[in-house]
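Bear in mind that the values in this text are calculations on the coordinates, not laboratory data. Keep in mind the model is a prediction, meaning the values are calculated, not measured. Methodologically, a virtual Cβ is constructed for each residue, glycine included, from the backbone with ideal geometry; neighbour enumeration extends over all protein chains shown.
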Number of protein chains: 2
Amino acid sequence: MTQGSPHDPRFRLRLVFAPGEMLGPGKADLLEGIARTGSIAAAGRDMGMSYKRAWQLVETMNAMFREPLVESTRGGAKGGGAVLTEAGQAVLTEFRSLEAVAEKAGAAHIDRLQAMLRDIPDQK
Amino acid sequence: MTQGSPHDPRFRLRLVFAPGEMLGPGKADLLEGIARTGSIAAAGRDMGMSYKRAWQLVETMNAMFREPLVESTRGGAKGGGAVLTEAGQAVLTEFRSLEAVAEKAGAAHIDRLQAMLRDIPDQK
DNA sequence: ATTCGATATTCCCATGTGGATATATCGCAT
DNA sequence: ATGCGATATATCCACATGGGAATATCGAAT
């Protein structure tokens, strides 16, 4: 009887398309952060991720999809920044929807599994 | 238009109940292997996993659930062995069902994401 | 009593993942 | 011209994860 809001921390879903080509919560959160902050560095900071790692994730995402998901600019008044491309928005939306429908579909199973745990965590 | 049979390698789902308490494809495969072979070591070998790791996974599973999922015996004619308890069977079945319904529910989203890849992997 | 095969448990080490750090570059604003 | 802030990129290193190997233990069968 636990209802899964957009981000249920219990439920993690990852798509493995090929070795080294995967999409999961980490990259999704990063895309979200970039969309919100307009910066790779700021997005990384917000989720306690080093800039190096954040940038690496962006690089692999841009490489694995037909069109880049993140567009970045250097220099300028604010030093630069990054924004989601149309493809980036689409991927993010699609993945979030996937998470939502998948978890909703499996909610009953998740609840039954959780009920079998020794110490049932605070539901949410 | 890709149909997800029981084990679609693209789709990986993990439940994170608490730090150190998670259930995903690895443990599920191991449970399956134990049920099939009647041995922790054999199950580990079958999936290229060291006995040490297989045993560790069994240990954590037995610890995190109210009742142990795997019951093991030492000594005897065949040296010993391991079988799934009723709880073990239930957890395995429940998790496989979860994977199935979750993937089926998200199939359209998965296909759309895959279609955006640079090189579309061999569907299956 | 000895053998046998699997579980149980420990120790050491290779590996790689990612953090920290340093540096270079860019372009607008002042 | 200089400063600033973010991207871009490489190098070094701490740490955790897990493999490999070694050892002990168990219980039925011979």
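Of the helices (runs of 4 or more DSSP H) that lie entirely inside the stretch A:38-124, those containing 2 or more residues that are at the interface with chain B (Cβ under 10 Å from one of its Cβ atoms) span A:51-64, A:86-115.
Given the criteria under 16 Å from the mean Cα position of the chain (by Cα) and within 13 Å of another protein chain (Cβ to nearest Cβ), does B:Leu23 qualify? Yes; evaluated as a whole, the condition is true for this residue. Taking the residues in the stretch B:52-79 that are of a type in the set (S, T, N, Q) and within 8 Å of DNA strand C (Cβ to nearest atom) as candidates, determine which candidate is farthest from the chain's Cα centre (by Cα). Only one residue fits best here, namely B:Thr73. If you check A:Ala102, A:Ala82, A:Ala28 for being more than 21 Å from B:Arg12 (Cβ to Cβ), under 18 Å from the mean Cα position of the chain (by Cα) and surrounded by 15 or more Cβ atoms within 10 Å (Cβ to Cβ), only one passes: A:Ala82.
Filtering the stretch A:85-99 to residues that are within 15 Å of the chain's Cα centre (by Cα) and hydroxyl-bearing (Ser, Thr, Tyr) leaves A:Thr93, A:Ser97. Do we have any residue at all in the stretch B:6-21 that's over 30 Å from A:Gln89 (Cα atoms) and either buried (at least 16 other Cβ atoms within 10 Å of the Cβ) or of a type in the set (Val, Ile, Thr) (or both)? Within the stretch B:6-21 (the criterion being over 30 Å from A:Gln89 (Cα atoms) and either buried (at least 16 other Cβ atoms within 10 Å of the Cβ) or of a type in the set (Val, Ile, Thr) (or both)), the answer is yes, since at least one residue qualifies. Total residues in the stretch A:86-95 satisfying the condition of being surrounded by 16 or more Cβ atoms within 10 Å (Cβ to Cβ) and not aromatic (Phe, Trp, Tyr): the figure is 6. Name every residue in the stretch B:64-88 that is within 15 Å of DNA strand D (Cβ to nearest atom) and of a type in the set (Gly, Ala, Ser), in order of residue number. Answer for the stretch B:64-88, where residues must be within 15 Å of DNA strand D (Cβ to nearest atom) and of a type in the set (Gly, Ala, Ser): B:Ser72, B:Gly75, B:Gly76, B:Ala77, B:Gly79, B:Gly80, B:Gly81, B:Ala82. For the stretch B:45-61, the set of residues classified as under 27 Å from A:Phe17 (Cβ atoms) and surrounded by 15 or more Cβ atoms within 10 Å (Cβ to Cβ) consists of B:Asp46, B:Met49, B:Leu57, listed by residue number.
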